[in-house]
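The values are calculated or read from the model by the stated rules, or taken from the named source; none is laboratory data. Keep in mind that this is a model prediction, so the values were computed, not measured. FYI the Cβ positions are ideal-geometry reconstructions off the backbone, even for glycines, and counts take in every protein chain you see.
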Amino acid sequence: MIALARRAVEAATAAGASEAEAYAAEDRGREVRVHGGEVESLSAATQRGIGIRAWIGKRVGYAYGTDLSEEGVTALAARAAEAARVADEDEFAGPPSTTDAPPEAELGLSDPTLGEWSPDRLAELALEIERAALAADSRIAGVEQAVYADSAEGVALVSSLGIEGEYASSSCYGYLQALAEGEAGRETGLGFGLGRGPAALDPAAIGREGAERAAAMIGAGKPKSRSCPVVLDPTVAAGFIALIGRALTASAVQRGRSPFAERLGEEVANPVLALHDDGLDPEGFTSAPFDAEGVPRRRTALIEAGALRTYLYDTYTANRGDAASTGNASRSGYRSQPSVSASNLVVAPGELGFAELLGEAGDGVLVTDVAGLHSGVNPVSGVFSVGASGLLIRDGRPAEPLREFTIASDLVSMLRAVRAVGADARWVPFGGSVKTPSLLVGEMTVAGS
Amino acid sequence: MSELIDAGVAERVLAAALANGGDFAEVFAERNAGLTMAIDESRVEAVQAGAAAGAGVRVISGATTYFSHVDGLDPADIERAAGEAAAALRSERAEPRPLSATRTTPLPIEVAPAEVPAERKADLLRELDQRGRGAGGEIAQFTASYAEVRREVSVANSEGLFSGDDRTRVRIGAQAVARRNGTVETGAETLGAHRGFELFDNDPGSIADDASRKALTLLDAGPAPAGSMPVVVGGGFGGVLFHEMTGHGLEADHIQKGASVYIGKLGEQVAQPLLTAYDDGRLPNEWGSDAIDDEGVPTQKTRVIEDGRLVAYLYDGVTARREGAAPTGNGRRESFRHLPVPRMTNTYIAPGDAEPEAMIAEVKRGFYAVSFAGGQVDPATGDFVFGVSEGYLIEGGRVTRPCRGATLIGNCLEALAAIDAVGNDFEMKTGVCGKAGQRVPVGTGQGHVRIEAMTVGGTEV
């Protein structure tokens, strides 16, 4: 792989690039979907490809492809150079320099036993998730789908400025969508778990979680429209934290698309809240020794004691913002060029257990699911209104289920209104890699009937 | 039409796929090439050329699908993928039928985008940028994007089908940010089709005007109302509401898994008689159209709701075979790396006979949702949510002021039954629909549609 990447960099230079970078990746993935006690599908896939970034002076272009033959890579390098010629000059464009050579970190990113799991054994694991859900509660009518998926990836990165590195990592997850049958109709509940390999998954717990979430929603009604305390469970809090992570990238800030712009040092959250970006956490799915352009990953404090400490930078935004890269260049495989984004976002857990957090809320709403996070949030102002479901909180305890309501606020007001942070932190892989506990927001608009 | 794999190779691959038994085998080969670029801060950037080729092989045995895909079109690799798909089967060899090639007619493309110099595409973005920024001093930022892709596909299966398609799509998008004091608002518009570069012959810059106009309009917006009220949904992209709240629930995989509120409703009155709706993969050069679906079945026009009665579901091969129904040409996949699933093509509510102005005039206090930022539905429960990107308050039968941050939420069956007027106007818009981790181009359309009562989630209680 590293030889392939070297060849690509040479070809790009030969095609007229003043600097070049090649990212070669190979991914072997498997997926099992089960339904009704039977295997619905069993998939195996190998993907190999390369992406080349070419700079011609201050212009940059990108090309990717799957043809890894000598001629294929040469043609691809030429296309990357052509793309650079079409782009306008950008004074901040350029690859990272060699002074930031990647460390040979041993982060424990791979589960060496992954390959020992046969497709039959993986199918059995997925079936066990489904069985656990059906056994957990008599009101569970079925399971829409139970899924196991894994991926083992190898990455090599080479640049004309002397960066060379490679690493391997693996990940897997299991989830299901359980269906509960109530008098008023069906309810769904999501259960999930993740790890570096299947041994880290607890199929019984995943199935049970889906069943409990679905059953809890039976008979749900609409809450009265009002402003009240709202508790976000970790899956919901993670969605908001991922959005906040996007708004904290230097790219969003520099392009005037962040409610956090020009707020460094300010109190943007309640002092109980601390948020880090951690590209080295062994449990984080995006952890790696170096980022998507070869800069070492690291741990960066974003919000400490409520105050905004820094934004997230890749090389381009660092050049532009007169800052240093925080190792936050990311890409979703060889088909995408690097751009700045959060790695793993980690909210520091507090001391209150979940029951205590509800007690602290007194009377309000517990939100266990949100829909429309991507359509219902204005990325520039941070104003949002999203669909939600959950439970009423009465006298500090969970009460009747609620659905078909919205919660509305804006991201900064919400962070400032966070009154307490739970102790129940977990990893949530939707829309980003986030580890967060439940959050108690002192006041939010709830719109129902 | 170009064939990505020849018949001999396809037959060998299908034989290898059925070596350990199975009821059905298929090989889907694809070659794609695309170019994307953007303009941001008046600078052309993110110029990206991509190309991929590969094949996916699946074997179906009973209720189980075995799938394997490989990058590249080397016959030896594809045969190996077939062996991998077959590896978990334990039955007697099955014999595929000899292939018989079907001629298809891909949608006509006048100007192949790949033949147009990249510099002209960059200039198109510069034109959008000028138009968008020219809309007024309060336009603080403007971005636009260009995308072209050509996908050649070949599909062969053990029932003897051997077909192919050649698809070219182009799309541009514009996004404006307007700022006044502390208020920041965004507006967006897109234009796309299953067509060549000739799509841009007719004033493509108008999408930049539209995006900027929306952002500027919202600067005057007040808070959105909260509560239940009549909602008039605009034409064109308003069709995404029907796509989400009904279309997905009619996809046969959701039906067969018990995860749709439309189960057992075939033949029943689910809407008022004024409503008729279609899924049509044959609309000429429309964004969601193709000559064949990704299983080789010719696309078709399917009436899904006739005078308020539910009359059809949307099938791919697997779901059609399972219940002995005829496939409807809705088996679509994002690429050779994905299994086909039932998907919409172009879904729309047919024009009615109400005048849009009259539909609004009859509303005392309500909400006018012109455009959506997106939406989501849980097909099993029927609960949906939509973010409104352009919305107005209706008071005393008149549109009075723009609202920001509104969301529509409701339940599919209730909202569908509550449609009490369908406008005589009509427009189609382009969308990209996500399902089962796959994104495919879909068209949505309608004229103005009024829903008697729906929950608007705003901040003004």
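Listed values, structure above:
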read-out	value
Failed criterion for A:Ser332 (all others in (1) out of contact with any strand residue (DSSP E or B) (no Cβ under 7 Å at 6 or more places or on another chain); (2) at pLDDT 95 or above hold)	(2)
Which listed residue, of B:Thr217, B:Thr246, is of a type in the set (Ser, Thr, Tyr), part of a helix (DSSP H, G or I) and touching a Pro at 6+ places or on another chain (Cβ under 8 Å)	B:Thr217
Enumeration of residues in the stretch B:47-85 that are over 16 Å from A:Thr46 (Cα atoms) and more than 7 Å from chain A (Cβ to nearest Cβ)	B:Val59, B:Ile60, B:Ser61, B:Gly62
Single residue of the stretch B:28-44 satisfying the filter (of a type in the set (Asp, Glu) and touching a strand residue (DSSP E or B) at 6+ places or on another chain (Cβ under 6 Å)) that is farthest from A:Thr66 (Cα to Cα)	B:Asp40
Extreme residue, surrounded by the fewest Cβ atoms within 10 Å (Cβ to Cβ), among residues of the stretch B:52-80 that are under 17 Å from B:Ala94 (Cβ atoms) and β-branched (Val, Ile, Thr)	B:Thr64
Number of the condition not met by B:Arg169 [criteria: (1) in a helix (DSSP H, G or I); (2) more than 14 Å from chain A (Cβ to nearest Cβ); (3) surrounded by 24 or more Cβ atoms within 10 Å (Cβ to Cβ)]	(1)
Selection count, the stretch B:1-15, where residues are surrounded by fewer than 24 Cβ atoms within 10 Å (Cβ to Cβ), in contact (Cβ under 8 Å) with a residue 24 or more places away in the chain and not in a loop (DSSP other than H, G, I, E, B)	5
Subset of the stretch B:125-138 [away from every other protein chain (no Cβ under 12 Å), outside any loop (DSSP other than H, G, I, E, B) and among the aliphatic types (A, V, I, L, M)]	B:Leu128
Verdict on B:Thr186 being outside the structural domain of B:Pro284 (by TED's automatic domain parsing), in contact (Cβ under 8 Å) with a residue 12 or more places away in the chain, over 21 Å from the mean Cα position of the chain (by Cα) and part of a strand (DSSP E or B)	yes
Meets criteria (surrounded by fewer than 20 Cβ atoms within 10 Å (Cβ to Cβ) and hydrophobic (A, V, I, L, M, F, W, C)) for B:Ala29	no
Test for A:Arg48: is it surrounded by fewer than 20 Cβ atoms within 10 Å (Cβ to Cβ), under 28 Å from the mean Cα position of the chain (by Cα), touching a residue at least 60 places away in the same chain (Cβ under 8 Å) and farther than 22 Å from A:Val295 by Cβ	no
So A:Gly49, is it facing chain B (nearest Cβ under 10 Å) and in contact with a Phe, Trp or Tyr (Cβ under 6 Å, 6 or more places away or on another chain)	yes
Selection within the stretch B:318-338 - buried (at least 24 other Cβ atoms within 10 Å of the Cβ) and either out of contact with any helix residue (DSSP H, G or I) (no Cβ under 6 Å at 6 or more places or on another chain) or under 30 Å from B:Asp353 (Cβ atoms) (or both)	B:Val318, B:Thr328, B:Gly329, B:Asn330, B:Arg332, B:Phe336
Enumeration of residues in the stretch B:338-368 that are more than 11 Å from chain A (Cβ to nearest Cβ), under 26 Å from B:Glu251 (Cα atoms) and not in a loop (DSSP other than H, G, I, E, B)	B:Pro342, B:Asn346, B:Thr347, B:Tyr348, B:Ile349
Single match in A:Val236, A:Val295, A:Val253, A:Val230 (criterion: crowded, with 21+ Cβ neighbours inside 10 Å, β-branched (Val, Ile, Thr), within 14 Å of chain B (Cβ to nearest Cβ) and over 30 Å from A:Asp395 (Cβ atoms))	A:Val253
Filtered residues of the stretch B:406-452 (kept if among the hydrophobic types (A, V, I, L, M, F, W, C), in a strand (DSSP E or B) and more than 14 Å from chain A (Cβ to nearest Cβ))	B:Ile419, B:Ala421, B:Val422, B:Met428, B:Val440, B:Val442, B:Val449, B:Ile451
Among the residues listed as A:Leu125, A:Leu76, A:Leu157, A:Leu109, the single one being buried (at least 17 other Cβ atoms within 10 Å of the Cβ), among the hydrophobic types (A, V, I, L, M, F, W, C) and assigned to a loop (DSSP other than H, G, I, E, B)	A:Leu109
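Residue by residue, here is whether (1) among the hydrophobic types (A, V, I, L, M, F, W, C); (2) over 30 Å from A:Arg257 (Cβ atoms) holds:
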| residue | (1), (2) |
| --- | --- |
| B:Val149 | yes, no |
| B:Glu152 | no, yes |
| B:Ser158 | no, yes |
| B:Leu161 | yes, yes |
| B:Ile172 | yes, no |
| B:Gly187 | no, no |
| B:Ala193 | yes, no |
| B:Asp201 | no, yes |
| B:Ile207 | yes, no |
